[in-house]
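The values are calculated or read from the model by the stated rules, or taken from the named source; none is laboratory data. In this text the structure is predicted, and so the values were computed from the model without any measurement. So basically every Cβ, Gly included, is an ideal-geometry build from the backbone, and we count neighbours across all protein chains shown. Side chains are part of the model used for accessible areas, which takes the heavy atoms of the whole protein and leaves out ligands, DNA and RNA. Shrake-Rupley method; radii C 1.70, N 1.55, O 1.52, S 1.80 Å.
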Number of protein chains: 2
Amino acid sequence: MILKKTFKPTGEDITSLALTSETLTGRSGFLLNKAAAKVRDHYDEALTTLGMNARHAGILTILDEKGVLSQNELGKCAYIDRTTIVALIDDLERLGLVERKEHPTDRRSHAIYMTEKGRGFMPQIVKKAKEVEKEFLGPLTASEQKNLLQLLRKLVFHHYSMPKETR
Amino acid sequence: MILKKTFKPTGEDITSLALTSETLTGRSGFLLNKAAAKVRDHYDEALTTLGMNARHAGILTILDEKGVLSQNELGKCAYIDRTTIVALIDDLERLGLVERKEHPTDRRSHAIYMTEKGRGFMPQIVKKAKEVEKEFLGPLTASEQKNLLQLLRKLVFHHYSMPKETR
DNA sequence: GGCTGATAATCAGTAGTACTGATTATCAGC
DNA sequence: GCTGATAATCAGTACTACTGATTATCAGCC
């Protein structure tokens, strides 16, 4: 192998490769990480013109969907750590897309509101998301795409609803 | 929403959620990244007793499968950047699992050999991988698992075979 | 009214991932 | 023997994601 000039990292015929944990390409761990890195690149690239990245867009999407939330609630929805979300909200506030306001009933919390400007960004964000999804999932048929999303969702919801210790 | 005491980040009935890019949980970007983070956690935790992480195990798996490779070839097989693989090989060499030797025909290259000790680790690595895969993919049926792996593989192979500029 | 354990946001520090760009050595073609 | 390409390496950068500590506040209980 090492002597070959025209080295090919992977064979052409995907379907001939074994779906077993004995090979790297048969492990969900490998495939998920590589797929995730790639789709994140796509998102970050698409959103850079809006001055944000995929996680910022995710937070705005949650806010748009669920209305006003505390930081904590927001973090839980996006499965983002409580300490990580602070800087993300900072960024979005700096961009004028959200505002930290006083929480009506709990003075420990912040109520995160989307601003008018933030709301105005949503159509663009959704448009970008649709473009990225279309391009990234392009190699799959429509039903395969749907299938993939459903399977992933099942996995994600299962593993993120487990208690912390067993995660 | 912000006033509710018993806040639930996600509804229970997954199947009722829309599979559309307008919601975060309808985007492959979100789902892939969360699933990837989780499965990586599982792998890292399972492999920590062997003194390595998921990427080390991945490299050993490639070597086991393909035999002696140069660092570059190894990187291409594992889709790991040329600059990133250096430290990973360092780690594995320090653990005594691989060795950098002189390349037979190209003195720029290193030939990476698995040591006897490294070969001896493979059954444990495969065992751990199988356990992780079984547990992580547990929420899915056997045919769903197979399906998921095939869809992911199609995506990964497609996107990583593109020329750099359009990736 | 005041104590106590829990919770919300924040920050400092740490670790891991992944890359760009530069450097050195070597190769391969002309 | 010159020239452009390639292999490994390193320094530096940026981003992700966490632990643990801190401060403020809440909620239940005596």
To test your reading of the geometry: what angle, between 0 and 90 degrees and rounded to tens, separates the Cα axis of helix A:142-160 from the longest principal axis of chain A? 60
Bin all alpha-carbon pair distances of the protein assembly as shown at 10 Å intervals from 0 and give each bin's fraction as a whole percent. 5, 24, 29, 23, 13, 5, 1, 0
With r defined as the distance between the Cβ atoms of A:S143 and B:S161 and R0 fixed at 25 Å, what FRET efficiency is calculated, to the nearest 0.05? 0.60
Solvent-accessible area per residue for the protein assembly as shown at a 1.4 Å probe radius, Å²? 52
Å³ per residue enclosed by the Cα convex hull of the range A:33-161: 119
I want the local charge near A:L155. Using Cβ-Cβ distances under 10 Å, sum +1 for each Lys or Arg and -1 for each Asp or Glu among the other residues. +3
With the 8 Å Cα cutoff and a minimum separation of six or more residues, the range B:51-123 has a relative contact order in percent of 33
Spherically averaged projected area of the range B:51-123 from its Cα convex hull (nm²): 4.5
Would you mind calculating the relative contact order of the range A:33-161 from Cα pairs under 8 angstrom and at least 6 residues apart, reporting the percent as a whole number? 24
What's the carbon and sulfur percent of the range A:71-116's accessible surface, probe 1.4 angstrom, rounded to a whole number? 44
Environment charge of A:P123, counting only residues whose C-beta is closer than 12 Å and scoring Lys/Arg +1, Asp/Glu -1: +2
Along the positive direction of the dipole of the range A:33-161 (beta-carbon charges: Lys, Arg +1; Asp, Glu -1; about the Cα centre), which of A:L149, A:V68, A:F121 reaches farthest? A:L149
For label points placed 7 Å from Cα toward Cβ, what is the shortest-first list of nm distances from A:D106 to its copies? 5.8
In the A-onto-B rotation, chain A's nearest residue to the axis by C-beta, with distance in whole Å, turns out to be A:A36, 2
What dipole magnitude, in Debye to the nearest 20, does the range A:33-161 give about its Cα centre under +1 on Lys/Arg Cβ and -1 on Asp/Glu Cβ? 280
Classify the range B:17-80 as rounded, prolate or oblate from the Cα gyration tensor: take a ≥ b ≥ c as the square roots of its eigenvalues, call it rounded if a/c is under 1.5, otherwise prolate when a/b beats b/c and oblate if not. oblate
I'd like the accessible area for A:H110, computed on protein heavy atoms only with a 1.4 Å probe and all protein chains in place. Round to 10 Å², please. 80
So how many Lys-Lys pairs in the range A:33-161 land under 15 Å Cα to Cα, not counting same-chain pairs under 8 apart? 5
Can you compute the charge dipole magnitude of the protein assembly as shown about its Cα centre, using +1 on each Lys and Arg Cβ and -1 on each Asp and Glu Cβ, nothing else charged? Give it in debye, rounded to the nearest 20. 80
